[in-house]
Every structure is written in structure tokens, then in C-alpha cells.
1. Could I have the simple spin-label model distance between Ala187 and Trp298, label points 7 Å from Cα toward Cβ, reported in nm to one decimal?
2. Starting at the first residue of segment 296-310, write each ³J(HN,Hα) from the Karplus equation 6.51 cos²θ - 1.76 cosθ + 1.60 with θ = phi - 60°, in whole Hz, x for Gly and Pro.
3. Which shape class applies to segment 100-184: rounded if a/c is under 1.5, otherwise prolate when a/b exceeds b/c and oblate if not, where a ≥ b ≥ c are the square roots of the Cα gyration tensor eigenvalues?
4. So for His294, His210, His233, His245, fewest C-beta neighbours within 10 Å to most, what's the order?
5. For every other residue with a beta carbon closer than 12 angstrom to the beta carbon of Ala314, add +1 if it is Lys or Arg and -1 if Asp or Glu, then tell me the sum.
6. Under 26 Å from the Cα of Lys237, which lysines turn up, not counting those fewer than eight places away in the same chain?
7. By average Cβ neighbour count within 10 Å, what is the ranking of 125-137, 157-169 from highest down?
8. What ³J(HN,Hα) values, in whole Hz, does the Karplus curve 6.51 cos²θ - 1.76 cosθ + 1.60 give for segment 231-240 when θ = phi - 60°, with x put for Gly and Pro?
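No lab work stands behind these numbers, since they all come straight from the coordinates. As the structure is a computational prediction, the values presented were derived from the model and not from experiment. FYI the Cβ positions are ideal-geometry reconstructions off the backbone, even for glycines, and counts take in every protein chain you see.
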Amino acid sequence: MGRSLLSVENLTKRYPSRSSSEGEVVAVDRVSFELHRGEVVALIGESGSGKSTIAKILTGVEQLTSGRVLWEDGAVASKAPRLLRQRIQMVFQDPFSSLNPVNTVGYTLMRPVMNYQRCNGAEAERRVKELLDQVQLSPASLYFNKRPFELSGGQRQRVVIARALAAKPQVIVADEPVSMLDVSVRAEILRLLRSVMGQQGVQAMLYITHDLATAEILADRVLVLYKGRIVEHGTAKSILRRPMHPYTRLLLESIPNPRARRGNRVPVSLRGENREGELRLTGCLFAPRCPLAHDRCWREVPPLEARSDEGYVACFNASQSLVQTGAVTARDSGA
Ligand SMILES: Nc1ncnc2c1ncn2[C@@H]1O[C@H](COP(=O)(O)OP(=O)(O)OP(=O)(O)O)[C@@H](O)[C@H]1O
Ligand SMILES: [Mg+2]
């Protein structure tokens, strides 16, 4: 693994509640992680878990409430939006709304190339065509003059990826980049994202998804987010094969393709109603859905602790969860 490029430390974001004038929503709660050179990290969690909020803070769209984001050279990314804009580029979920419909592909890409790479005219056009080749929109001269309505969703997302690369970023944050695309093109776009690592200066990627299956294609490490907190963190391989947190097991269970579902089945009771809205939780936020929850889980927040060489988990019952669901093999349990 390479050196840490970007460190996220105790990132917290609170929003005023949309439903009550006094309350607030803790969208992200003391989240820490590092992005190392040469790696893709997947941030996984269900709707509302705080994934896009983290992306927005990293790209300077939102300000954090507390915590900090540091570059390896010590620059405080979370206080320097200008710097952020260039070093971290975003690939959005919706390729239909993220491109201006009146501009040609060439125009869309010329602007960031001229701004960020400080070149103009013929040189910028040459670089744009190089980018189009890189995202496999060939022949580049054909796509240069097209407008978004003439492109498929997958082709538009390739233009969005080229636009991100045009700024010569060090980090790409891709927020659900394939969830609005036709299933048939999703794997191609994920492979393209994987292939841009190391190109045009890209050194690391944060891949945001609710779909654990796609993390296997793209990610080296996986962070599992539940209601704004990291509940498990490990290599993609270990998380997919030996998930430790009951919530990760639930996510794995929801993967429709059984071949991608490497772990054992999650107990059916995990599918139960999510009742925490009715309760005042002081402990684990997953307790209301967890079949293993006991008194301590309701009282105390489980800390994120190392449980193996490869993984961290925030669960008082992590080892019990493995045993109960049959994920511990005879070798693992020392038998
Ligand atoms: N501007 C805002 N004002 C108030 N609450 C917000 C705001 N933006 C997000 N939230 C709340 O913060 C929480 C996290 O939202 P966020 O969009 O980061 O989730 P997400 O994991 O990206 O979800 P999804 O998978 O649906 O995109 C949610 O409870 C959401 O309602
Ligand atoms: Mg989101």
C-alpha cells in the first residue's frame, strides 16, 4: 500500500433538521479514514448514511462542522476550497444533468483543460482529444463536436470522467457513478474508472456506492457507513468474504447475484423494521435492527477496533456474529 495522500480526521457534519425547526441531523459523525496513493477506497452504505455529505465536504461544496481533511503535505484541504477544486474532482451520479445540454463535448472539456492545465488553442484541443481517447470515445474528432443529447448515458458518463481528468486531479470522488446507467454498461464504466488510476496525475479514488458487489470490481479497501458512522473498514476481499459487522452482512445479503455473495446468509431477523426513529439511542445506532443486540449495545457506542490484520469493526458482538452466522471456519476459530 502506498503512502497516505489524504487524511480525513473526525469529520462531522450536522445539518439543521428539515422537519423540525430546533433539531439537527448528524449526517456524518466523527468519520476518519485515509486515502493512500494508488488505491481505490469504496464508501458503502444505504440511503441517508452520509456518503454524499462526505463527498461534498471533500470537494468543497459543503463545509464541515468539525474535524479536518489534510493533504500529506500538511495543507488543510477542508479550509482551502480553491485548492480542493483542482486536486479533488467529482464524478456525479447523473450524467444527464451534470453536462450542460447546449455545449459540445469539445467545449465542455476545453474549459477545464485551459483553466487547469494552462494551455490554449491548438494545444488544448490536442489534449482534449487525448482525453477522449483515454475514456474510449473514439474517434475523438467525432465526439468532440457532439452534444449530450446525441450520446448514450454511458457515453455521457465517459465525458464526465474526461472532464474530471481535465483538471489533473490527484483524487477522484465518484458518487454512485453507475447507478443511473443501463446495467449492461455499468461494468465497463467501473473498469474505465479503475483504468484512470495513475493517468493524468490521478493517485487515489473514493468510490461511493450502496452496492457492495461493485466494490469488488473497483475497490482495494471498503469503508462501511451506517447512519453517519463507520461500522466496518477493511480490504475489499476481507469485507466481501468475511464481513464482521451484522450490517455489512445485511448489505452482502442484498446483493442479487449469488456468485458475488461470498459470505454466509444474514439471519432473517435483520430484515426487521428500522425502529430507531421511535427510540432515543445512546448506544449502537444499528441496535434496533440487530439480532445480537444486548444491553451494552443500547447503552454504549461500540468503538471502531482492529479485529484482524485486515479489518476494523465497531461491534461488541463481531466475533459472535461470525460464529452465529457460520462465517468462522474451523481454521479461523483455532479448532
Ligand atoms: N442540506 C441538508 N439539510 C438537511 N439535512 C441534510 C442535507 N443534506 C443531507 N441531509 C441529511 O443528511 C443525511 C445524509 O445524507 P446524504 O445525502 O449524505 O446520504 P447518502 O448516503 O448520500 O444517501 P443516498 O444514498 O440516498 O444518496 C440524511 O439524513 C439527509 O437527509
Ligand atoms: Mg448520496
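1. Going from the Ala187 label point to the Trp298 one covers 4.7 nm.
2. 4, 4, 6, 9, 10, 7, x, x, 7, 10, 5, 10, 7, 4, 9
3. It is oblate, given that a/c is not under 1.5 and a/b is not larger than b/c.
4. His294, His210, His233, His245
5. 0
6. Lys51, Lys227
7. 157-169, 125-137
8. So the Karplus estimates, Gly and Pro as x, are 9, 8, 8, x, 5, 4, 4, 5, 5, 6 Hz.
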